[in-house]
Amino acid sequence: MKKKPIYLYSFLIVSILGNFLGLWDLMTGKQVENPAQLLQLQGNVAQEYNQFYDAAFVLNHNPVQIAIHIVGFLILVTTFVLLIKKNLFFANVFYIGYSLFTIVVLAYNYLLSQPLYHYFSEPTFRESAQLIPKVLTFAGVGLNAIFLAVVVFKIFRQQKDLNTEDTTI
């Protein structure tokens, strides 16, 4: 009896949820009028933060970002359909493509957001604002690299198992 690819189902569920939440935010997210007031910032820092927030919202809610999320979602749906049809090899290949796509998108978004931090004149506030995207980018790349490594390992193992079955027949 063949084992079910639990690893791929798990990775696929996590990826679909993450992608869907990102797409949901892009479609339904509304720009806050005065975000500095919510954080109880005052003075020059409040003005800088409001400018930063407005620029970041425009950058993260543009048609390119929506297209990126839709392409990622389509890759995941294709992977899911291939998995349901029991075409495990191509499901693995598509998930590898999705992981690589996600790593590239994370790097793209990180590099694209770097000019936004010039809005902050105070270096400590600038560094604090840069810390969260850095951590999230590195965590996302790390998680996708782990997913990628597991799927590549499983593909090689499945191919090795197929080759040993062929030689025993």
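The values are calculated or read from the model by the stated rules, or taken from the named source; none is laboratory data. Keep in mind the model is a prediction, meaning the values are calculated, not measured. FYI the Cβ positions are ideal-geometry reconstructions off the backbone, even for glycines, and counts take in every protein chain you see. SASA here: full protein model, heavy atoms, side chains in, ligands and nucleic acids out. Shrake-Rupley method; radii C 1.70, N 1.55, O 1.52, S 1.80 Å.
Observations
- Of the residues making up the stretch 1-50, those that are open to solvent by 90 Å² or more (accessible area, probe 1.4 Å) and either touching a Lys or Arg at 6+ places or on another chain (Cβ under 8 Å) or among the aromatic types (Phe, Trp, Tyr) (or both) are 20, 24.
- Hits in the stretch 94-128 (condition: exposed (fewer than 15 other Cβ atoms within 10 Å of the Cβ) and β-branched (Val, Ile, Thr)): 104, 124
- Residue selected from the stretch 1-56 under the condition within 30 Å of residue 151 (Cβ to Cβ) and in a loop (DSSP other than H, G, I, E, B), by the criterion modelled with the lowest pLDDT: 1
- In the stretch 51-93, residue most open to solvent (accessible area, probe 1.4 Å) [restricted to those that are under 30 Å from residue 121 (Cα atoms) and touching a Phe, Trp or Tyr at 6+ places or on another chain (Cβ under 8 Å)]: 51
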